[in-house]
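The values are calculated or read from the model by the stated rules, or taken from the named source; none is laboratory data. Keep in mind it's a predicted model, so treat the numbers as computed, not measured. Here Cβ is always computed from backbone atoms with ideal geometry, including for glycine, and neighbour counts include all displayed protein chains. These accessible areas exclude ligands, DNA and RNA; they are computed on the full protein's heavy atoms, side chains included. Shrake-Rupley method; radii C 1.70, N 1.55, O 1.52, S 1.80 Å.
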Amino acid sequence: MLGLLSTLLLIAGIAFLLLFLYCLSMRGSSLAMPFALICLAAGIYIIGYSFEIRADDLVTIRFFLKIEYFGISFLSAFWLLLTYRYTRCHAPSLPFTILVLVIPFITLLLSGTNEYHQLLYRDVLAFYWNGQLLADIVRGPWYYIQMLYSIGIQIYATTVLFLKWKNGGFRRRTQVFYIFLGSIWPFVV
């Protein structure tokens, strides 16, 4: 069962990477680059997770957990930058962008060096389930900081999109309506 899931995730991850490449070619759209970055982050995370659940030893699981953080650390931040660009009709300032990306960069650094400080994960263990080796993660304090940051950004961005839709008169067939719908899926999942 996990082999099928891993294959489906791999296909989805590759699709996100192809969408990333396609977005890079869309030079005329101001939203193409922020959306491309979301696709890149999602693709890296999904492919890393696909290989993590396919791994057959703890060393490989830990390696792919680190790969996943090249994507998942930045996903919410890129979503906020896209929302900002869309709702304000101009690119965010460099200081704002740097501020938004500080936590993801710290998380990426901590992920790569976790074995020295255990701030992201206190431990990464493995267990067998239906003959499949899976990770059992003991979360560290920074894990919760990253989660609060990501959830906070998602709530903020979704609220901004909702208000933009509301101020537009709640029309269902507007671009902001569809972007708003797309922003609520992380809460549903």
Does Ile103 fit the bill of being hydrophobic (A, V, I, L, M, F, W, C) and without any contact (Cβ under 8 Å) to a residue 40 or more places away in the chain?
-> no
State which residue is most open to solvent (accessible area, probe 1.4 Å) when the search covers only the stretch 133-150 and only residues that are touching a residue at least 60 places away in the same chain (Cβ under 8 Å) and under 30 Å from Arg85 (Cβ atoms).
-> Tyr149
Is one or more of the residues making up the stretch 37-56 touching a residue at least 60 places away in the same chain (Cβ under 8 Å) and open to solvent by 30 Å² or more (accessible area, probe 1.4 Å)?
-> yes
Within the stretch 64-82, is there a residue that is open to solvent by less than 50 Å² (accessible area, probe 1.4 Å), more than 17 Å from the chain's Cα centre (by Cα) and at pLDDT below 95?
-> no
Taking the stretch 73-91 on its own, how many of its residues are farther than 17 Å from Ile184 by Cα and in contact with a Pro (Cβ under 9 Å, 6 or more places away or on another chain)?
-> 4
Taking the stretch 84-132 as the search range and keeping residues that are within 17 Å of the chain's Cα centre (by Cα) and open to solvent by 90 Å² or more (accessible area, probe 1.4 Å), which one is farthest from Gly168 (Cα to Cα)?
-> Leu109
Would you pick out the residues in the stretch 151-189 that are surrounded by fewer than 14 Cβ atoms within 10 Å (Cβ to Cβ) and touching a Pro at 6+ places or on another chain (Cβ under 9 Å)?
-> Ile151
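Matching residues to (1) touching a Lys or Arg at 6+ places or on another chain (Cβ under 6 Å); (2) aromatic (Phe, Trp, Tyr); (3) within 30 Å of Thr87 (Cβ to Cβ):
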residue	(1), (2), (3)
Gly3	no, no, no
Leu17	no, no, yes
Ser25	no, no, yes
Ile44	no, no, yes
Phe70	no, yes, yes
